[in-house]
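Nothing in this text is a laboratory measurement; each read-out follows from the coordinates by a stated rule. Computed from a prediction, not measured in an experiment: that's the story for all the values here. Every residue, glycine among them, receives a Cβ derived from its backbone with ideal geometry; neighbour counts consider all protein chains shown.
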Amino acid sequence: MLVVWLKDFLELARTRSFTKAAENRHVTHPAFGRRIKLLEEWAGVPLVERKKPVELTPDGVIVLEAATDILETIRLLHGRLDARKDDAQPDLRIATGVALSVTFFPQWYKEMNEKVGTFRTRVIAGSNESAIQSLANNEADLLLAYSSYHTRLRINPAKFNWLTIAHETLVPISAPDKEGKPVFTGMTEQSDPFLAFLPTTALKTIITRHLASLDDKPNLHVVHETDSFSSIVELVAAGLGMAWLPYQLCKPAIESGRIVEIDNPKWLMPVDIALYRKKFSSHPIVDKIWAYYVGKSLK
């Protein structure tokens, strides 16, 4: 099994088109198709349903989740090796979750360059647990995370400061039926399948506590747990259950019609996005960012 096959497969899962994926991977359509076939032969099961648009099989969703983790591990390893030979250290090291590194960080980084001046960053993206640990171990200067009970429980207020800098909403989602309505609603007599996050994620705590607080609780049973956001989107689109995800993360899939939002205002879950830093420490870029948000909150 070659790494290039996994990269091909991720691009196919993203574009849902052999033609577009082959173009983006800079190979011919036949060559791209052969590489996907070789990956399926290695896996021993079909990974995609060859229709328009392309759909992942249930086994394909599992391989997508594993491929994402493998490529992320390789990327992090390569970054660490580069860092050892690169004398030029980043101006700012930021620990965050995988979802925020994709949905929030790029625009936030652009805004901070405009507000406090340009600076070089190194982003350490992983689980909520590992991101908190990176800040605690001085491997990061800032932690960018969803503000949750899980996070606050592990952040000692005597040692860390935090600021709320943005807001997000977790929305309930399902695959659509032929009429475009949710296949699962969580409101049937027979419980619906629920695609949940692992306990190591901040969103697990947010979702669990919110559902527990409802008078009219959804009727659900957990069929799958993961820390992979992209995997949950694919599982939902495949009709294997319902889930809650940050709106910005699943917005493209909603707009394309692959998944639909379940219309129940009580099930919307507002969540804050926060920055955390160590107390009693000074860092020129962190100090500028902190001053910007403190000044913004006073206006």
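One table, with the values for the structure above:
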{"quantity": "Extension gain from Lys37 to Arg152, taking 0.36 nm per residue of separation minus the Cα-Cα distance", "calculated": "36.8 nm"}
{"quantity": "Label point at Lys52 placed 7 Å out along Cα→Cβ; residues across region 241-281 whose backbone nitrogen lies under 11 Å", "calculated": "none"}
{"quantity": "Modelled label reach - Val45, point 7 Å along Cα→Cβ, region 218-262 residues with backbone N closer than 14 Å", "calculated": "235"}
{"quantity": "Zone of Glu225's modelled label, taken as backbone nitrogen in region 128-149 under 16 Å from a point 7 Å along Cα→Cβ", "calculated": "128-129"}
{"quantity": "Under the span-like rule (Cα at least 27 Å along the axis, Kyte-Doolittle mean at least -1.0), DSSP H helices of the chain", "calculated": "58-85"}
{"quantity": "Two-site label geometry, Thr164 and Val102: point separation in nm, points 7 Å out along Cα→Cβ", "calculated": "2.6 nm"}
{"quantity": "Global size of region 1-84 as Cα Rg and Dmax, reported in angstrom", "calculated": "13.3, 46"}
{"quantity": "Label-point gap, in nm, between Ile74 and Asn113 - each point 7 angstrom along Cα→Cβ", "calculated": "2.7 nm"}
{"quantity": "Volume per residue of the C-alpha convex hull in region 54-200, rounded to whole Å³", "calculated": "186 Å³"}
{"quantity": "Inter-label distance for Leu268 and His283, nm, one decimal - labels placed 7 Å from Cα along Cα-to-Cβ", "calculated": "3.4 nm"}
{"quantity": "Of Lys204/Lys266; Lys115/Lys296; Lys20/Lys178; Lys20/Lys181; Lys110/Lys288; Lys251/Lys296, pairs whose Cα-Cα distance is over 22 Å", "calculated": "Lys20/Lys178; Lys20/Lys181; Lys251/Lys296"}
{"quantity": "Taking the C-alpha atoms of the chain, convex hull volume expressed per residue in Å³", "calculated": "162 Å³"}
